[in-house]
Amino acid sequence: MIIAVTGGAGFVGSHLVKSLLEEGHEVIAIDNFVTGTIKNFYFLPKDFKERFTLLEQDISEETVNIDFKLDRIYHLASPASPIDYANIPIETLKVGSIGTYNILNLAMKHKARFLMASTSEVYGDPLEHPQKETYWGNVNPIGPRSCYDEAKRFSEAMIMAYHRVHGLDMRIARIFNTYGPNMRLNDGRVVPAFISQALKGEPITVFGDGNQTRSFCYVSDLVRGLKSLMETPNIHEPVNLGNPAETTIKNFAEMLLTLTGSTSKIEYKPLPQDDPLRRRPDITKAVQLLNWHPEIPLSVGLTKTIEWAKQYV
Ligand code: NAD
Ligand code: UDP
């Protein structure tokens, strides 16, 4: 198949691109490198490069023109780290609105199946726990995270409208915290932040009292879930993809200290505004519809990520 991946030079995108190339597809990555980097393609073997094209383009600013017929479009382009989207809130809102609109039209033109990387952030600071797809969320529409949360919610609404009005064959993956190699070590997200602090012997910056929770999924599990969702027929509703193993951020910091053997101390810093208190996916739907569940335990995925990070610290 011929497959386009917006945001293909980012963390998740680069793993997805590699995996699709390994399956023998032709892949076109579309990216403006605002948070991604061409370096993320370091792991593409030479013979893959004949089936790989990189289009440097801001999908919010201009429509994408591709001459040959696309079969699938994975739409991943968007800043994803709270620090990134706080730095460029307008670009984040634009890519989730105009960017999604442009890529939906590309999908219509090519009659391509379309999958969008949505997020657990559509649930905001959730009042329901764990979060099922039926939960409508608790989002502050004007807070510092709203540029991301509302852009993703708008994307979902736009995709459903294209499905209802134009019959677009679409998928929505609600992705929960994912980690692994190719994250930017300074992107501010907790996994790269704690790993680089631990490896450098710097204080581990736990925000708040560290009792807030997250559930971390290794990137290869997520990529398997995304491909499965794309290729399973007729799932025209959002599906959570994440690892339900929940941990407090304080325990997560301690686990990283053990895994790295670091002597870093834990330093407590103020909790950012609207930081969700608890987050864990209910993945019943993914298990039932896709027979998907995560396979990589946190300690194994973190060990791989730490080994990868050592070359950059
Ligand atoms: P990332 O920042 O590493 O990758 C995003 C990519 O999109 C980057 O390469 C960036 O340059 C590109 N991009 C952004 N705006 C663009 C634009 N206007 N035009 C073209 N390219 C643009 O983030 P990631 O962690 O790989 O996330 C990928 C997707 O998955 C995002 O849509 C994100 O919202 C979603 N997601 C990720 C997680 C996670 O934990 N990693 C969780 C939930 C949702
Ligand atoms: N966090 C932290 N220290 C850091 C970075 C993040 O304690 O240096 C916390 C953050 O407050 C949140 C959790 O870790 O509760 C996950 O943050 P991240 O930015 O990775 O993603 P989020 O799930 O908030 O989008």
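State all residues of the range 21-38 that are outside any loop (DSSP other than H, G, I, E, B), more than 11 Å from ligand 1 (Cβ to nearest atom) and either modelled with pLDDT under 95 or surrounded by fewer than 24 Cβ atoms within 10 Å (Cβ to Cβ) (or both); if no residue qualifies, say none.
Of everything in the range 21-38, those that are outside any loop (DSSP other than H, G, I, E, B), more than 11 Å from ligand 1 (Cβ to nearest atom) and either modelled with pLDDT under 95 or surrounded by fewer than 24 Cβ atoms within 10 Å (Cβ to Cβ) (or both) turn out to be LEU21, GLU22, GLU26, ILE28.
Kindly indicate which of GLU254, GLU295, GLU267, GLU246 is acidic (Asp, Glu) and under 26 Å from GLY8 (Cα atoms).
Result of the check over GLU254, GLU295, GLU267, GLU246: GLU295.
Assuming ASN182 fulfils every condition listed in (1) outside any loop (DSSP other than H, G, I, E, B); (2) within 15 Å of ligand 1 (Cβ to nearest atom); (3) in contact (Cβ under 8 Å) with a residue 24 or more places away in the chain apart from one, which condition is it?
(1)
Residues that are more than 16 Å from ligand 1 (Cβ to nearest atom) and aliphatic (A, V, I, L, M): find the strands (runs of 3 or more DSSP E) completely inside the range 236-309 holding 1 or more of those.
Correct list: 266-269.
Just to verify a result, which residue in the range 187-218, among those that are in contact with a helix residue (DSSP H, G or I) (Cβ under 7 Å, 6 or more places away or on another chain) and assigned to a loop (DSSP other than H, G, I, E, B), is farthest from ALA9 (Cα to Cα)?
In this case the residue turns out to be ASN211.
Go through the range 250-278 and give me each residue that's under 19 Å from LEU302 (Cα atoms) and either within 19 Å of the chain's Cα centre (by Cα) or acidic (Asp, Glu) (or both).
Within the range 250-278, GLU254 is the sole residue that qualifies.
Taking the range 189-207 as the search range and keeping residues that are small (Gly, Ala, Ser) and within 18 Å of TYR218 (Cα to Cα), which one is farthest from ligand 2 (Cβ to nearest atom)?
Of the range 189-207, the ones small (Gly, Ala, Ser) are 193, 196, 198, 201.
In the following step, the residues that additionally are within 18 Å of TYR218 (Cα to Cα) were identified as 193, 196.
Numbers: ALA193: 4, SER196: 10 Å.
My answer is SER196.
Here is a check on your reading of the model: is PHE194 in contact with a strand residue (DSSP E or B) (Cβ under 6 Å, 6 or more places away or on another chain) and either on the phi < 0 side of the Ramachandran plot or surrounded by 23 or more Cβ atoms within 10 Å (Cβ to Cβ) (or both)?
For PHE194, the condition - in contact with a strand residue (DSSP E or B) (Cβ under 6 Å, 6 or more places away or on another chain) and either on the phi < 0 side of the Ramachandran plot or surrounded by 23 or more Cβ atoms within 10 Å (Cβ to Cβ) (or both) - is met.
Considering (1) in a loop (DSSP other than H, G, I, E, B); (2) in contact with a strand residue (DSSP E or B) (Cβ under 7 Å, 6 or more places away or on another chain); (3) under 27 Å from ARG189 (Cβ atoms), say which one LEU70 fails and leave the rest.
LEU70 satisfies every listed condition except (3).
Picking from GLU50, GLU56, which residue would you name as being near ligand 1 (Cβ under 9 Å from one of its atoms), under 24 Å from HIS15 (Cβ atoms), surrounded by fewer than 16 Cβ atoms within 10 Å (Cβ to Cβ) and without any contact (Cβ under 8 Å) to a residue 40 or more places away in the chain? Give the steps one after another, and end with the answer.
Working: GLU50 fails: near ligand 1 (Cβ under 9 Å from one of its atoms).
Only one candidate qualifies: GLU56.
The values are calculated or read from the model by the stated rules, or taken from the named source; none is laboratory data. Everything quoted here is computed from the prediction, not taken from an experiment. Here Cβ is always computed from backbone atoms with ideal geometry, including for glycine, and neighbour counts include all displayed protein chains.
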